1. Would you mind finding the one in B:VAL78, B:VAL68, B:VAL151 that is facing chain A (nearest Cβ under 9 Å) and among the β-branched types (Val, Ile, Thr)?
2. Of the residues A:ALA150, A:ALA127, A:ALA114, only one is open to solvent by 50 Å² or more (accessible area, probe 1.4 Å), farther than 26 Å from A:PHE536 by Cα and either within 31 Å of the chain's Cα centre (by Cα) or at pLDDT 95 or above (or both); which?
3. Mind listing whichever residues of the stretch A:421-443 are over 16 Å from A:VAL632 (Cβ atoms) and in contact (Cβ under 8 Å) with a residue 40 or more places away in the chain?
4. For A:ARG619, only one of the following conditions fails: (1) under 26 Å from the mean Cα position of the chain (by Cα); (2) open to solvent by less than 30 Å² (accessible area, probe 1.4 Å). What is its number?
5. Could you check, for the stretch B:65-73, whether at least one of its residues is open to solvent by less than 60 Å² (accessible area, probe 1.4 Å), at negative phi and assigned to a loop (DSSP other than H, G, I, E, B)?
6. For the list (1) farther than 24 Å from A:THR220 by Cα; (2) within 13 Å of chain B (Cβ to nearest Cβ); (3) under 25 Å from the mean Cα position of the chain (by Cα), I need the number of the one condition that A:VAL26 fails.
7. Do you know which residues across the stretch A:156-194 are open to solvent by 10 Å² or more (accessible area, probe 1.4 Å), small (Gly, Ala, Ser), out of contact with any His (no Cβ under 9 Å at 6 or more places or on another chain) and touching a residue at least 24 places away in the same chain (Cβ under 8 Å)?
Amino acid sequence: MTTRSFGQRIRRNEDARLLTGRALFVDDVQLPGMLHVAFVRSAHAHARLTSINVDAARAHPGVMAVYTADDLGDLWKPGPLLVEPPPIPGHVFNLRTQYPLARDMVRFVGEPIALIVAESRYIAEDAAELVEVEMEPLEAVVDLEKALAAGAPLVHGDLVSNVAAHVKQCRGDYARARSSAALLVARRFLYDRGASAAIENRGVVAEWSPRSGELNVWDTTQAPIPVRNALAAQLNLPASQVRVIAPFIGGGFGPKIMFYPEEVLIPWIAMQLARPIKWIEDRAENFVATTQERGQVHDAELAVDADGRILGVRDVFLHDTGAYDPYGLTVPINTQCTLLGPYVVPHYESEFTVVFTNKTIVTPVRGAGRQHGVFVMERLLDFAAAELGLTPVEIRRRNYIPESAFPYDNGILYQDSAPLTYDSGNYAAALDLAVARIDYDHFTREEQPALRREGRAVGIGIVSYVEGTGIGPYEGARVTVETDGTVTLATGVGTQGQGHFTVFAQIVADQLGVDVGAVRVVTGDTREMSWGTGTFASRGAVVAGSACHEAAVVVRDKVTRLAAEHFEAAVEDIVLEGGQAHVAGSPSRSIALGVLAARANPLRGAVKPGTEPGLEATRYFGPERGSTANGVHAMIVEVDRETAMVTIRRYVVAHDCGTVINPLLVEGQVHGGVALGIGNAFYERLAYDDTGQLLSASFMDYLLPTSLDVPRMETDHVVTPSPLNPLGVKGVGEAGAIPVGALFAQAVDDALGTETLEMPLSPDRLFELMSARGAESA
Amino acid sequence: MTVSTALDVRINGVTYTDTVDVRLLLSDFIRQSAGLTGTHVGCEHGACGACTVLLDGQAVRSCLMFAVQARGHEVMTVEGLAPDGEHTLHPLQTAFRDAHGLQCGFCTPGILMTMIPFLRDHPMPDEDEIRHALSGNLCRCTGYQHIVDAVRLASQRMAGVNAPAAS
């Protein structure tokens, strides 16, 4: 069978709808009699809630209802743990999750306290201003180290400290390794990340039909199935009576995979009032009430021999989880594991403490903690290289895991509770591609010296990383040939722009010999597919894609068998092409797939035992562990010595995500990730003051990179197929974002002679670093 | 106390009538009173550009206008670009599809409506000019590169220059 669309730059099936403004997003859902919700949220980061008076709000014209914690009855209980911590021996984990509405105590600015249901959002907001909340502000826990100091205020008064978790993973004997090192490089690193800032804010619409006992919910979630299951449990409904639909979603990036208070409150209110209820978050709420990533503080040490080969790494770090920790240990474990990178690290000691603070909850944002680990390792290697007189390229090349060493077991546990094992990779090939593409040698030997003689501050950086992708547990897909000859494909993951309507269609189209446009993909609707987990951790193409493939293979088999019967030919002689089945060599003797589908579902007669009706199959795919993608990013920058503005002159990516289904879409994912990475490295900063107030709470202060800030990116591919799934694919969703901080630091330091130990930079911070450097050399 | 008024707004050549709160934003009138949900709201403070529509042919942020300000003017939204729906796309829309100039699509209508007057006034822009014109629209998915490619492609096609689909 020839591959028709696999590997091709196929245009997307979903675009016409999106381009004409006819795609349904959650806020587009309009239902008769719909009421609107506005929240009253805490203005303090840490305070005792002494009283709430909603009388004036309730009396406001157009207000249907006002709810506080006391009105919630059984619903007022802590939210669920979303991700079980992996079974790492000796780990400590203190689970604290949010209640739907705060009572007695508020723990972060933006925590919901009350809500108004009214005829319009405008009226609801008017009434929200009439709610009188009396609070006794308490000292806020903001700084990670101060949070752990003796006598620090407690975010959770029932714990003895602000420790949310503690984990240590080791491999080998670092203490012994460091004693024989030719060089020890030790630094303290600060890596702070930011908000996902999807252009679409969150939203929930719920509709309850008392007569049929059915609850329909439209939700901006990346994980409709777990949300459906959680709602059924919390609202005491059978799962089959709850339908959660994630329609078109305007960007996910991680924080839309959660179980927020709003996601249970809105459906509950719909049931209480028997009216459709809508809540759409506004941008001000998004900055404080939608989860984000934030900072870690690392004290790390690298031990190398005289040739720059890694003997071992020790890393001790603090991780900020915010006021609650519903997402387990995912982010810091990703940091811990991803620090090892594509390198041979014989001895490793990594220990982290997760700290509660009076700030917004931290859950994964594109990269999910990997950025921090990559920053630490790449910076340590850069400093070691400088001391040993090696180039950044050479020190990396010397330490790469060789192609022959796969599968490569790193000896510690990953976020999916499986041993961190890299399935395949060719790290040197990616490095070579990037070095060649950016003309590294020519730049460093000729161009850069010449530009420097002109007084220009130009620098080059090159970094590498691995990314664990495609983790389980599983996803499902159902493929159905319809009687009109089109094919329906249903899968449980949600879609936030990754092109699932096209990528999954390509996989199925190739098996069944139909046009990509003839495959109608349904995602994110729990009524269509009720088993699965969601879109996160760069796993859609790997896990859901593989399930689509398996289901399509089974349907292909059914089609060819039925066609073989029809033509009285051998199954091996049937060719599927152009939506038809024909006998090899006789293309004029063909039968349409739709006709076969009708025949496969007879209205009369007998069928053989074991026959399944129609041309349909459902299959589930669960990989034994994640597959490891990798990449190398390189960049040339120029820094303006007066304004400290950084201009990116060239940006090169050499990326390996295994087999590529659609190169156009893969490029798009890489571009988007790099743009986010550039934002995180230089423009975006969640600035909290010491009372826990977010000072950068609008797009005027929190700067998303624009078309003038993101350069043209050049991408090259290496392909090392994954042996862990039938397509050989690896994930790519987060890849672009992961190494950018480390890259920025290296390139800027190369330009200026500074030593960057922190992220994000910014023109002001860079100016400070430049001045300090200038003062040192004066 | 809220003050209401009867209001007619012409959008895409059609008059929409509703009785609205005088402080109703134009973006909310478009989406709720007129039911044209292609115009999206991303920030409500004029920074992201997702709500961009045309007012008498000029790009404006509908979240920064009151609906009553549109009385007597002609508004055009993304729905007005392809009046027959998905089957006859505007060349700009086709170019976006061919160049993969959108991922989640949420910022896309605002970008299209910003580019329409831009291309009208600058029929053959270079990359720099395109990036400047786009700089008031935030996109979190694409990194802008394919959007720039799409605008370039559209400008070539609209000017009658033979341009291939994305290679």
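The values are calculated or read from the model by the stated rules, or taken from the named source; none is laboratory data. Please read all numbers here as calculations on a predicted model, not as lab measurements. Backbone-built Cβ (ideal geometry, glycine too); neighbour counts: all protein chains shown. When the accessible area is computed, the model is the full protein with side chains, heavy atoms only, and any ligands, DNA or RNA have been set aside. Shrake-Rupley method; radii C 1.70, N 1.55, O 1.52, S 1.80 Å.
1. Details: B:VAL68 fails: facing chain A (nearest Cβ under 9 Å); B:VAL151 fails: facing chain A (nearest Cβ under 9 Å).
Of B:VAL78, B:VAL68, B:VAL151, the one residue that is facing chain A (nearest Cβ under 9 Å) and among the β-branched types (Val, Ile, Thr) is B:VAL78.
2. Values: A:ALA127 fails: open to solvent by 50 Å² or more (accessible area, probe 1.4 Å); A:ALA114 fails: open to solvent by 50 Å² or more (accessible area, probe 1.4 Å).
Criteria check complete, one pass: A:ALA150.
3. A:THR421, A:ASP423, A:SER424
4. (2)
5. Initial filter on the stretch B:65-73 (open to solvent by less than 60 Å² (accessible area, probe 1.4 Å)): B:65, B:67-68, B:70.
From what's left, at negative phi: B:65, B:67-68, B:70.
So of that shortlist, the ones also assigned to a loop (DSSP other than H, G, I, E, B) come out as B:65.
The answer is yes; a qualifying residue exists.
6. (1)
7. Answer for the stretch A:156-194, where residues must be open to solvent by 10 Å² or more (accessible area, probe 1.4 Å), small (Gly, Ala, Ser), out of contact with any His (no Cβ under 9 Å at 6 or more places or on another chain) and touching a residue at least 24 places away in the same chain (Cβ under 8 Å): A:GLY157, A:SER180, A:ALA181, A:ALA182, A:ALA186.
Table: residues versus (1) in contact with a Phe, Trp or Tyr (Cβ under 9 Å, 6 or more places away or on another chain); (2) part of a loop (DSSP other than H, G, I, E, B); (3) buried (at least 24 other Cβ atoms within 10 Å of the Cβ).
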| site | (1), (2), (3) |
| --- | --- |
| A:VAL205 | yes, no, yes |
| A:LEU215 | yes, no, no |
| A:ARG228 | no, no, yes |
| A:ARG243 | no, no, no |
| A:PHE259 | no, yes, no |
| A:ALA270 | yes, no, yes |
| A:ASN286 | no, no, no |
